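Shown next, in structure tokens, is the structure this report addresses.
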Amino acid sequence: MKKYIRSRLIQTLVVLIGVTLLTFIMVNVAPGDAATVMTEKITDQAAIDRINAQLGLDKPYFVQYFLFLRNLVFFDFGTSYFKYKPVMQLIIEGFRVTGTLAVTIILFALVVGLAMGIMAALNRGKFWDQLIMGLSTLGMALPSFLLAILLQYIFGLKMQLLPLSGLTSWQGYVLPSVTMGMICAAEVARLTRTSMLDVLGQDYMRTATAKGISRQRIILVHGLKNALIPILTFLGNSFKAILGGAVLVETVFGLNGIGRLLVDAIMQRDTPIIQGVTVYIAMIFVLVNLGIDLFYGLIDPRIRLAKDND
Amino acid sequence: MEAQNALSQEQVITSTNFYHHVWEKLRENKVAIVSLLLILLLIVVALFAPQIAPYDEGFQDTAHVLSKPTNIHWLGTDEFGRDIFSRIIYGTRVSLSVGIIAELIAMTIGVLMGALAGYFGGWVDSLISRIIEIFGSFPKILFAIVIMNIIGTGVINVFIAIGMVGWTGMARMIRSQILQLKENEYVEAAHSFGAGNTHIIFKHLIPNTLSTIIVNMTMAIPQDIMYEASLSFLGLGVQPPTSSWGQIISVGRVYISTLPGYVLFPSIALVLTVLAFNLLGDALRDALDPRLRRMD
């Protein structure tokens, strides 16, 4: 296991360096430097040069890259060109909103998805199974922004139960969470159903029934435990998908999440924000991947043994 | 020489048998056939959009702005008096071509990278695997947004951005499959006949991954269509006057109370298209690879 962890950590480090390099390249090849954008009406070359010097944009690329790395490590990307706030403060605020959203989405998906998956598996081939699987198929074909618009219209505009947009209270999180939670739950339900059916057919389940253990206990303890591994993997991946995909829901519901921050920054060519958001999201991705892999290594000896023998 | 001919003939026969078998299985699946028919219909609509659409996508009927569905504008008009039905018809072109062209780009990069990594192993594999991981470390939609920022908006650039974002999954699958395939005896036989690496990769290994490629592509096309709609919804994808469903929905949601059809009709088009590709993809996967079949 030690060898496996070590090789995985070295790999992660290489990938992290690659991620910073790719981010740096992507942001720097984008057209329109900051000074030109900020001084669109000024044609004075001296003023443009002065701004570029202030931002360190006159230095060679490799020096700029190391400055970028330094900023990354010290959590300091300077001040936003247009929002006049420290970039890190904006990023932290963004992550707070999107992170809260991610947690509530996953909780919703877990509760609703598991319940629906179990119900479908227990009623295999019958009405409830067909209805749930039909909804799940539809859910996977539904772009999040569509469902967001629909729910916003019904619950925000027509029934006026929940805020249309913004985050003045916790209620602002309800519709965005339910929107993405429902889409996520569609996949969780499908996975749960498959694993439950798989488990229900195993010999040890029949043994458990023969031993007189109640049906509820069998389903919840034995069935669910076995269904949990694919679901946990899926949720690890969903967390990443939410981090990126939340931008659409954030746009519809007017939340200042991390995705919205990036899109706004791109529209305004606010380079420090683009750099910071892109690189930190990618780093979180890499770390979540590492977490999933180590978790797998922990529960499945085949994986770590295969690596140890390399 | 004769023996080789006979061998290749036999290969042709077995492979037609295989695809014949797949087709037979697909034909039994009613959902798959309906999906396939819907996709064919969409292709016809996309090809003949100018003939089918009652108006040009940019034509502005200033006398009927934001009109409800009527005899002259079946699904109503938008804020410039453009016919919504016609714009949805033209939008089919963008969605389908994004699905197909972006996926062809992704497939080409993915198959090449995967094949090289799997075949050569060693440092080539390590290098390519790390590149796959690095590209896979960005959330897809945000990655596409950042790429659009570099290359600018527009239909062609949407193809490129989505293609560049989507290849890592394919590369992973092909890599692991080639890792197994290269241990086969026919690869050793090809080596001993003096076949070069390029020949072995392109003539022996990649053709054997065809099922994986097809299944992966059909599953990825609806995803790509959603990415395009999302990018255009955010205003970073296809720009007016070119019609894209995502972009129509994005503008139309402002008028949802007064003119619900403005959002509703392009949404139905988008969901049906994605659904048809998803269902066909499921059926194709079941038919091509029984090991991956879902429990039903």
Whole-percent carbon and sulfur share, accessible surface of chain A, 1.4 Å: 65
Interchain or long-range residues, amide H under 5 Å from A:GLY254's placed H: A:GLY166
Burial of 30 Å² or greater, the stretch B:216-256 residues [accessible area, probe 1.4 Å, versus chain by itself]: B:MET226, B:SER230, B:PHE233, B:LEU234, B:LEU236, B:ARG253, B:ILE256
Part-to-part distance (alpha-carbon centres) for the stretch A:1-24 and the stretch B:185-227, which is given in Å: 29
Neighbour count of at most 12 Cβ within 10 Å plus DSSP loop: longest trypsin sites (Lys or Arg not before Pro)-free window in chain A: A:212-310
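On average, how much accessible surface per residue is there in the stretch A:91-184, in Å², for a 1.4 Å probe, leaving out ligands, DNA and RNA?
47
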Gaussian network model of chain A, Cα within-10 Å springs - most flexible of A:LEU110, A:LEU161, A:LEU69: A:LEU161
Accessible surface ranking that places the most exposed of A:VAL178, A:VAL27 first, with a 1.4 angstrom probe: A:VAL178, A:VAL27
More than 32 angstrom apart: percent of Cα pairs within chain A: 45
Cβ-Cβ FRET estimate between A:VAL14 and A:VAL103, R0 fixed at 30 Å, reported to 0.05: 0.50
Loop-located chymotrypsin sites (Phe, Trp or Tyr not before Pro) in the stretch B:145-218 whose Cβ has at most 14 other Cβ within 10 Å (DSSP): B:PHE193
Inter-label distance, nm, simple model (7 Å from Cα along the C-beta direction), A:ALA210/A:MET159: 5.0
Accessible area buried at the B-A interface, both sides summed, 1.4 Å probe (Å², nearest 100): 3900
Between 0 and 90°, nearest 10: helix A:174-200 axis offset from chain A longest Cα axis: 40
Heavy atoms of A:VAL288: accessible area, 1.4 Å probe, square angstrom to 10: 30
Karplus-derived 3J(HN,Hα), 6.51/-1.76/1.60, for each residue of the stretch A:143-154, Hz, glycine and proline x: x, 4, 5, 5, 4, 4, 4, 4, 5, 4, 5, 5
The protein assembly as shown, helix-only ellipticity at 222 nm - DSSP H runs n ≥ 4, -39,500 (n - 2.57), divided by all residues, nearest 500: -23500 deg cm²/dmol
Rounded FRET efficiency, nearest 0.05, which uses the C-beta distance separating A:TRP128 from B:GLN51 and R0 of 35 Å: 0.15
Using θ = phi - 60° and Karplus 6.51 cos²θ - 1.76 cosθ + 1.60, couplings along the stretch B:48-62 (whole Hz; Gly, Pro as x): 9, 3, x, 6, 7, 5, x, 10, 6, 5, x, 5, 10, 8, 5
5 angstrom amide H check on A:THR79, placed H, neighbours 5+ away: A:VAL87
Extension gain, B:VAL34 back to B:HIS20 (0.36 nm per residue minus Cα-Cα distance, nm): 3.1 nm
Candidates B:ALA189, B:ALA171, B:ALA46: whichever shows maximal mean-square fluctuation once chain B is modelled as a Gaussian network with Cα springs under 10 Å: B:ALA189
Under 14 Å, Cβ to Cβ, from B:LEU116 - net charge with Lys/Arg +1 and Asp/Glu -1: +3
Whole-percent carbon and sulfur share, accessible surface of chain B, 1.4 Å: 65
Rh (Kirkwood; distinct C-alpha pairs) - the stretch B:2-288, Å: 21.1
Cβ-Cβ FRET estimate between B:LEU127 and A:THR233, R0 fixed at 30 Å, reported to 0.05: 0.70
Under Karplus coefficients 6.51, -1.76 and 1.60, residue-wise ³J(HN,Hα) of the stretch B:36-47 in Hz, glycine/proline x: 4, 5, 4, 5, 4, 4, 4, 5, 4, 4, 5, 5
Using alpha-carbon coordinates, inclination of helix A:45-54 to the longest axis of chain A, degrees: 50
Between 0 and 90°, nearest 10: helix A:2-29 axis offset from chain A longest Cα axis: 40
Within-14-Å neighbourhood charge of B:PHE85 [Cβ basis; K, R +1; D, E -1]: -2
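The values are calculated or read from the model by the stated rules, or taken from the named source; none is laboratory data. Treat the numbers as computed from the prediction; the structure is a model and nothing was measured. With ideal geometry, Cβ positions are generated from the backbone for all residues, glycine too; neighbour counts draw on all protein chains shown. Calculation scope for accessible area: heavy atoms of the full protein, side chains included, ligands and nucleic acids excluded. Shrake-Rupley method; radii C 1.70, N 1.55, O 1.52, S 1.80 Å.
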